[in-house]
Amino acid sequence: MNADVITSTTYPHGTIEGFQGGCNTAHCPAEVSCRTVHTRYVGDWAFRRQINAGMTPAQIVAAERKQAQEAADADLRAKKAKGSQRSAETRDAARERHNAARRAKRAANLIPQKALIPRDKLAALLDRGLTDRQIGERLGFTRRQVAGARNTAKLPRNPDSNRRPAPATTGASS
Ligand SMILES: [Zn+2]
């Protein structure tokens, strides 16, 4: 791909057209990269339906984030309720709450992990040689969450053969 495509202010980044036009690497500047849009458009029926209905990828992802956040909030509320109201609630209510939390968790797993860590930030940390675990320690995520985000972003992992703690010297400017 021509580097001009990346820096161009008029190129339709974050669209199917952008991908077809040749923006197919991890360097896409759009919030939802052309490649991600293409991948999801091809493999995700709901995503494709929303695109075809006129939503932008950014709008779809924003809605998914909101949904995931709401699910997480409900989950958190449920956990809190479990602590304070255990004695007051019926068994049915407990079961329903448990199921709701499980549904929320499942829904959250369907959300692209990209939402968790901005792709450019993740790419920058990987460029510095940090492993998933180190990035997780730095950002407050589990190694698995980072790996998921990285896989979604299709970024290569840094080998974690050396299990020292993350270096505390490199101050992130981002
Ligand atoms: Zn692009």
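The values are calculated or read from the model by the stated rules, or taken from the named source; none is laboratory data. Keep in mind it's a predicted model, so treat the numbers as computed, not measured. Cβ coordinates were reconstructed from backbone atoms using ideal geometry, including for glycine residues, and neighbour counts include every protein chain displayed.
Points to keep in mind about this one:
Yes/no per residue for (1) more than 10 Å from the ligand (Cβ to nearest atom); (2) aliphatic (A, V, I, L, M); (3) closer than 23 Å to Ala153 by Cβ:
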{"residue": "Gly21", "(1), (2), (3)": "no, no, yes"}
{"residue": "Glu31", "(1), (2), (3)": "yes, no, yes"}
{"residue": "Arg49", "(1), (2), (3)": "yes, no, no"}
{"residue": "Thr90", "(1), (2), (3)": "yes, no, no"}
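- Looking only at the stretch 33-47, and only at residues there that are among the small types (Gly, Ala, Ser) and surrounded by fewer than 20 Cβ atoms within 10 Å (Cβ to Cβ), the one that is farthest from the ligand (Cβ to nearest atom): Ala46
- One residue alone among Ala26, Ala58, Ala63 is under 17 Å from the mean Cα position of the chain (by Cα), within 16 Å of the ligand (Cβ to nearest atom), exposed (fewer than 15 other Cβ atoms within 10 Å of the Cβ) and at negative phi, and that residue is Ala58.
- When the stretch 51-100 is filtered for residues that are within 18 Å of Glu31 (Cα to Cα) and charged (D, E, K, R), the ones remaining, listed by number, are Glu64, Arg65, Lys66.
- Conditions (1) within 16 Å of the ligand (Cβ to nearest atom); (2) within 17 Å of the chain's Cα centre (by Cα); (3) at negative phi; number of the one not met by Gly14: (3)
- Members of the stretch 73-120 that are crowded, with 17+ Cβ neighbours inside 10 Å and at pLDDT below 65: Ile111, Pro112, Gln113, Lys114, Ala115
- Close pairs from the stretch 38-50: first closer than 20 Å to Thr25 by Cβ and outside the structural domain of Gly22 (by TED's automatic domain parsing), partner part of a helix (DSSP H, G or I) and among the hydroxyl-bearing types (Ser, Thr, Tyr), Cβ under 8 Å, at least 6 apart: none
- Ala3 vs. criteria within 13 Å of the ligand (Cβ to nearest atom) and at pLDDT below 90: yes
- The set of residues in the stretch 6-38 that are charged (D, E, K, R) and modelled with pLDDT under 90 contains only Glu31.
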